[in-house]
Structure formats: C-alpha cells, structure tokens
1. Across region 13-42, what is the total count of residues that are under 29 Å from the mean Cα position of the chain (by Cα) and more than 18 Å from Phe145 (Cα to Cα)?
2. Quick one: in region 43-68, of everything that is modelled with pLDDT of 85 or more and of a type outside the set (D, E, K, R), which residue is nearest to the chain's Cα centre (by Cα)?
3. Does Val29 qualify as being assigned by the TED database to the domain that holds Arg169, open to solvent by 50 Å² or more (accessible area, probe 1.4 Å) and more than 17 Å from Leu117 (Cβ to Cβ)?
4. Answer yes or no as to whether Gln10 is assigned to a loop (DSSP other than H, G, I, E, B), touching a strand residue (DSSP E or B) at 6+ places or on another chain (Cβ under 9 Å) and closer than 23 Å to Lys144 by Cβ.
5. Could you check region 42-87 and list, in sequence order, the residues that are open to solvent by 40 Å² or more (accessible area, probe 1.4 Å), under 13 Å from Thr168 (Cα atoms), among the aliphatic types (A, V, I, L, M) and in contact with a Leu (Cβ under 9 Å, 6 or more places away or on another chain)?
6. Is it the case, given these coordinates, that Tyr39 is surrounded by 15 or more Cβ atoms within 10 Å (Cβ to Cβ) and free of Cβ contacts under 8 Å to residues at least 60 places away in the same chain?
7. Confirm whether Val111 is over 15 Å from the mean Cα position of the chain (by Cα) and either in a loop (DSSP other than H, G, I, E, B) or within 25 Å of Pro23 (Cβ to Cβ) (or both).
Amino acid sequence: MESTPEWASQPCIMGIDEAGRGPVLGPMVYGCLYCPLSYQSSLASLHFADSKTLKEDKREELYENLKLDKSLGWAVDVIGPRELSAKMLAVNKINLNEISHNSAMGLIKQVLDMGVLLTEVYLDTVGDPEKYRIKLSERFSSIKFVVSKKADSLYPVVSGASIVAKVTRDRALKEWLVEETGENINRNFGSGYPGDPETKAWLTQHKHSVFGFPSLVRFSWGTCTTHLKSEVEVAWESDEAEESGNGNSSTKRQAKLSKFGFTTCESRSEEIESSGKGRCKFFQARKIQQITQF
C-alpha cells in the first residue's frame, strides 16, 4: 500500500516477518502488515496462519484478500541475492542477522514516514529476542515491541506479514530476470534450499569454472563454497604484492585463462571483439566489450 490510509492517525499495530532467509537462490523478502489497533480482534476471522503451513494456492488467496481489505496496509523489502552476497562478503562484512534487522527497521521507518501512528510492532525474532527488542526500542522509543520465537504462529498480524513476504518472494523467483540469458539457464531449481537434491543438481549444472554461479545464486552461502572448492583459484595482484613485501613467495601459479576457453592473443583482440568468436560465453552473454580508452 503506497497511499496513506484514512485510519493512519489512529493507534496502529504492525507485524513483520521474512521469507527466503535460508535458500541459496533468489531474494530474501521482508514483509509487514499493519492496521488500526481497533481492527486487531478482526484479524482472526481472516484465517491468516504461518505461511509455511499453507499451500501455495491458499497463500495466494489470502494475499489477494488482504490487498482488498481497506483496513489493512502492507509493504515489502526485497533484498536480492547480489546485494546479500555483496554485504556478507565485503571487507567490512554485514552478517545476515544485521541485514535482517536493518530491513525490519527500514519497513517500520517507511510506514512511520507515511504518517501511520504505529504504537505496537510484533516481530519473529532474529537472534536473541530481548537484545533485538532493546535494539528496536532504542531506535523507535515511542513504539512497544513484542519480539518472540514463532511469532508468525502466535500473532495474526505477523501471520499476515508472513503471507505477504512469502507470496512476494515466490512471485519474484518465478518472474526473476536471469541476466545470463546466453548460458542456457533453466528454472528447474527446486525449492532453492541447500539440502534440496534438485537445487544441488541445478547448482552443479550451472557452475562455471572461473565465474562460479549465475547472479540468481547467493555466493556468500557455504553451499557455494563447497561447490567451488575444486574450481579455479584466483590470485589477486594485491595479495601477491603483500606476500612479496613480507618476504614470502607463493608456490602456486595462476592458471592461464586460455585453459578455460578464453582467447588471450593480443594480435587477434580486435578481431575477437568485433566478431565475438573465441570469447568466453560469460562475456558474450553480458555483452561485455574490451575498451582501450576511458
């Protein structure tokens, strides 16, 4: 819901939950549901439940129903796999719990900025419940926070948020624009969870010896590390400089790219760039061109 509801000035409650925290593929989605405090008793009649306990068609039905309910508001934050990987693998790493906390607080701020008078917020815990509650209370001192395990099963407003997040993620995954269209990528990736045999098979099938996986995959997951152990090791110039500066010499030599389908002959570089022949399909799929001047 983008416009401010008519009941925004009344005391309101909000529930927040996520979908897609565990999968190795696709986005993680945080969703929120909010309504007037006076409408709280009516939420039970909407038959919301933890989205994980509902079949897909039932989740879709409830999602469409809540969108039509003028006494409910909702919002989502879709965090893509590339963003997750970038934050978790950065020099100054941001762990998944911190990313989750920031997303939840971002949704609260978004709804407050719309002019909604939030007085109570219910959340499924990420990490220690009491520490999380204190963190939220320090940021939003005027709001009462209830943080608990299995909140999506205990509080209908969180159950509704769970449905919003799950349906949004499922739809996003189905409609995800795979950037590597030139690499014959299929969508038979199963549930996306690391333990799913179909997901494991998909990762193996779409693994590149140099560049790893398509952008749909979260590189920061341990599952990816396991899959890439036997692939090409990249030696960075900065690392080599540090080693030589410390008097250490590396016994490993960087493998030549020609071994993996790259053409490196300088005399033919212009011909290759114009024709596309001999270039790795990774670069062809992304239409990456070589440049000599900036």
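1. Count: 11.
2. Tyr63
3. No.
4. Yes: the conditions hold for Gln10.
5. Within region 42-87, Val76 is the sole residue that qualifies.
6. Against the criterion (surrounded by 15 or more Cβ atoms within 10 Å (Cβ to Cβ) and free of Cβ contacts under 8 Å to residues at least 60 places away in the same chain), Tyr39 qualifies.
7. Considered against the rule, which asks whether it is over 15 Å from the mean Cα position of the chain (by Cα) and either in a loop (DSSP other than H, G, I, E, B) or within 25 Å of Pro23 (Cβ to Cβ) (or both), Val111 comes out as no.
Residues are listed down the side, and each one gets a yes or a no for (1) part of a strand (DSSP E or B); (2) at pLDDT below 95; (3) of a type outside the set (Ser, Thr, Tyr):
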residue: Lys135; (1), (2), (3): no, no, yes
residue: Glu138; (1), (2), (3): no, no, yes
residue: Ser142; (1), (2), (3): no, no, no
residue: Phe145; (1), (2), (3): yes, no, yes
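The values are calculated or read from the model by the stated rules, or taken from the named source; none is laboratory data. No experiment lies behind these values; they were computed from the predicted model shown. Counting neighbours? That spans all protein chains shown, and the Cβs are built from the backbone with ideal geometry, glycine included. Ligands, DNA and RNA are excluded from the accessible area calculation, which covers all protein heavy atoms including side chains. Shrake-Rupley method; radii C 1.70, N 1.55, O 1.52, S 1.80 Å.
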